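Here is the structure we will look at.
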Amino acid sequence: MRILVTGAAGSIGTVLVSGLTDRGHDVFGLDRSAATDGYGERWYTVDATDPDAVDAVFTDLDRSGGVDAVVHLAGIPDEASLTDELDSHVVSTAALLDAMVGHGVSRIVYASSNHAVGRTPRSDRLTVDVRPRPDTFYGVAKVAAEALLSLYVDRHGIDAVSLRIGSFLPQPETTRGLSTWLSHDDAVRMVHAAVTTPDPGYAVVYGVSANTRGWWDLEPGRALGYDPQDDAEEYADRVPARDEDEVEAAHVGGPFVTERFYRPAL
Ligand code: 15L
């Protein structure tokens with residue numbers, strides 16, 4: 001498939017650009033940063049929150065056959081002000097969705113986050129049916145971006161898969177990470193499944209590996225063809241115990257739930 005990856009120069013983007021290419025996809029990168037090695041002719045140095053610039057990318061791609069899917073990773077990966085978060089996550093998603101509708105692209109895979117439901121207590125099994133329960137303004141923006149995707153699925157009949165990603169790292173670094181880790185290889189497996197699965201409509205998938213200590217529902221992902229292969233437990237004896245482990249274990253969002261993130265919205 002021909003795939004446009006936004007946030008292509010970021011930590012997840014770099015892994016996905018090469019991983020999806022290795023799986024035989026034709027990958028194009030979009031990022032505010034310059035192209036990574038070897039992608040000069042397949043790269044758009046563009047701010048994903050600029051609707052005109054995003055539309056121009058789709059117009060240019062149309063000249064060489066267009067794209068079949070967008071993988072949207074661009075956005076602030078941490079907590080920031082509410083206005084910056086909404087701009088970064090919701091406005092960028094809106095710019096892409098409008099361009100997709102205008103150019104006949106019918107599939108988007110979105111890097112949402114566990115922080116969209118980060119306030120869910122660990123005592124609850126984390127299914128895709130739990131209510132949106134953000135832990136930060138970052139989480140609020142992810143919830144809003146998911147809602148926008150759902151709206152465009154209903155209005156325009158596109159397909160959208162929201163991946164509520166856990167902790168994407170080369171290996172787990174904390175006790176919480178032994179539950180929330182998403183390996184690089186599983187991330188590629190998951191996104192490949194999300195772009196190729198037939199007719200998902202609107203779907204939510206928890207983006208974690210098959211961790212022994214995981215408690216998030218992996219079945220919706222498996223239904224779409226994402227069968228995680230890695231397990232954080234392999235690294236458990238290298239993860240040091242920390243004073244913060246207990247408080248981080250209380251909710252899905254771990255450290256994002258603590259009071260140091262409390263601040264006025266405006
Ligand atoms: C995320 O969504 C963030 O982008 C990342 O910085 C981590 O906080 C990660 O979730 C996590 O929950 O470990």
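The values are calculated or read from the model by the stated rules, or taken from the named source; none is laboratory data. Fair warning: this is a prediction, and the values are worked out from it, not measured in the lab. Note that each Cβ is placed from the backbone with ideal geometry, even for glycine, and that neighbours are counted across all protein chains shown. Side chains are part of the model used for accessible areas, which takes the heavy atoms of the whole protein and leaves out ligands, DNA and RNA. Shrake-Rupley method; radii C 1.70, N 1.55, O 1.52, S 1.80 Å.
Side notes on the structure shown:
- Checking every one of the chymotrypsin sites (Phe, Trp or Tyr not before Pro) in the range 223-266 against DSSP loop status and a limit of 13 other Cβ atoms within 10 Å picks out Y262.
- Shown here for the range 215-262: trypsin sites (Lys or Arg not before Pro) in loop regions (DSSP other than H, G, I, E, B) with at most 13 other Cβ atoms within 10 Å, namely R242.
- Solvent-accessible area, 1.4 Å probe, carbon plus sulfur percent, for the range 1-150: 48 percent
- Rounded, prolate or oblate (a/c below 1.5 giving rounded, otherwise prolate when a/b exceeds b/c) for the range 24-151 by Cα gyration tensor: prolate
- Entry note: the chain has Rg to Rh equal to 0.95, where both radii use alpha-carbon atoms and Rh is the Kirkwood radius.
- Accessible surface computed residue by residue for the range 2-261, with neighbouring protein chains in place and a 1.4 Å probe, gives 42 Å² per residue.
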